[in-house]
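Could you have a look at this structure, given as structure tokens, before my questions?
Where a number appears in this text, it was derived from the coordinates with a stated rule and is not lab data. Every value quoted in this text rests on a predicted model; they were computed, and no experiment measured them. Glycine gets a Cβ as well: all are built from the backbone with ideal geometry, and neighbour counts include every protein chain shown.
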Amino acid sequence: MKKLTLTLIIYLYTICVYSQDTNCTFIGILNKRIHEKALTLNLKQDWSNSITRSVDNHHKLLTLEDTFILLLPENYSMPCDGYLTSHFGPRGNITHPGVDLSLKTGDTVRSVWDGIVRYARPNRGGYGNLIIIRHHNGLETYYAHLSRFKVKENDTVVAGELIGLGGNTGYSTGPHLHFEIRFYNSCFSPEKIFNFLAKTSTNIAIISKNVFLPIRNDKHINIDEEFRIAGSAMYINNQVSDDPLTN
């Protein structure tokens with residue numbers, strides 16, 4: 001009888017854990033360790049006050065084999081007091097790149113985390129009056145359709161700080177807040193982090209290629225499921241010399 005030999009090949013990709021980098025000297029980058037890793041993956045991100053996104057990393061992120069685990073701060077805020085009216089994901093022939101939250105014109109809009117305002121001006125691409133904040137956890141948040149700005153570009157803000165007032169500017173059919181979260185310019189569902197019904201947040205964000213796929217009616221993050229999707233073979237970079245949690 002012929003003996004059948006099976007060879008099992010396991011591809012082990014890197015999963016790196018990153019905390020907030022509040023000690024980083026600001027040069028347009030608010031998390032030096034994430035940026036250093038991103039550069040090795042050919043991911044680029046500029047600091048510009050005049051344009052929303054200058055580099056398209058989406059295709060690279062869809063083929064990303066490594067996983068970033070971002071440790072999110074305990075101090076956070078919901079962007080506004082309203083309820084969820086529209087999910088991230090397919091909307092007809094386009095992808096809705098964020099979520100919509102109910103509010104009235106003039107209602108308070110807040111920064112969800114500490115950060116620095118990169119963009120605060122009227123936008124011709126449909127966002128209307130738009131604020132973009134870059135955060136110490138490596139993410140950027142977008143707040144669109146505002147009626148008024150309460151911060152200016154390059155301002156430092158803290159979680160819960162008033163940044164603008166809700167409105168109906170840009171491509172909008174009524175007052176609401178359009179809210180996005182982006183990693184290196186590529187959007188993913190804010191419901192991966194925030195539960196807009198319970199007004200709560202997770203303490204980690206798992207960034208793998210799967211998170212950038214537009215899934216209809218995406219729901220609040222399930223940590224066990226996210227780890228399963230990211231891959232069953234995982235390696236956490238915890239060597240002392242390279243530990244991203246030392247700062």
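Across the range 85-100, in residue order, what do the Karplus-derived ³J(HN,Hα) couplings come to in whole Hz, using 6.51 cos²θ - 1.76 cosθ + 1.60 with θ = phi - 60° and x for Gly and Pro?
Working through the residues one at a time gives 10, 8, 7, 6, x, x, 9, x, 9, 10, 9, 6, x, x, 10, 10 Hz.
Kindly list the residues of the range 90-119 that lie in the label zone of residue 153, defined by a backbone N under 12 Å from the point 7 Å along the Cα-to-C-beta vector.
The answer is 117-119.
At 0.36 nm per residue, minus the direct Cα-Cα distance, what do residue 203 and residue 162 gain on full extension? Give it in nm, one decimal, please.
Result: 12.5 nm gained on full extension.
Determine the shape class of the range 159-206: with a ≥ b ≥ c the square roots of the Cα gyration tensor eigenvalues, call it rounded for a/c under 1.5, and otherwise prolate if a/b is greater than b/c, oblate otherwise. Can you show the working numbers first?
Numbers: a/c = 1.92, a/b = 1.50, b/c = 1.28.
The shape class here is prolate.
Right, next: I need the shape label for the range 127-216. Rule: rounded when a/c is under 1.5, else prolate if a/b > b/c, else oblate, with a, b, c from the alpha carbon gyration tensor.
Cα axes put the range 127-216 in the prolate bin.
Can you give me the long-range amide H partners of residue 127? Hydrogens built in the peptide plane at 1.01 Å from N, cutoff under 5 Å, separation of 5 or more residues or another chain.
It is 171, by chain and number.
How do the peptides 87-98, 126-137, 166-177 rank, highest first, by the average count of neighbouring beta carbon atoms within 10 Å per residue?
So the order, starting with the most tightly packed, is 126-137, 166-177, 87-98.
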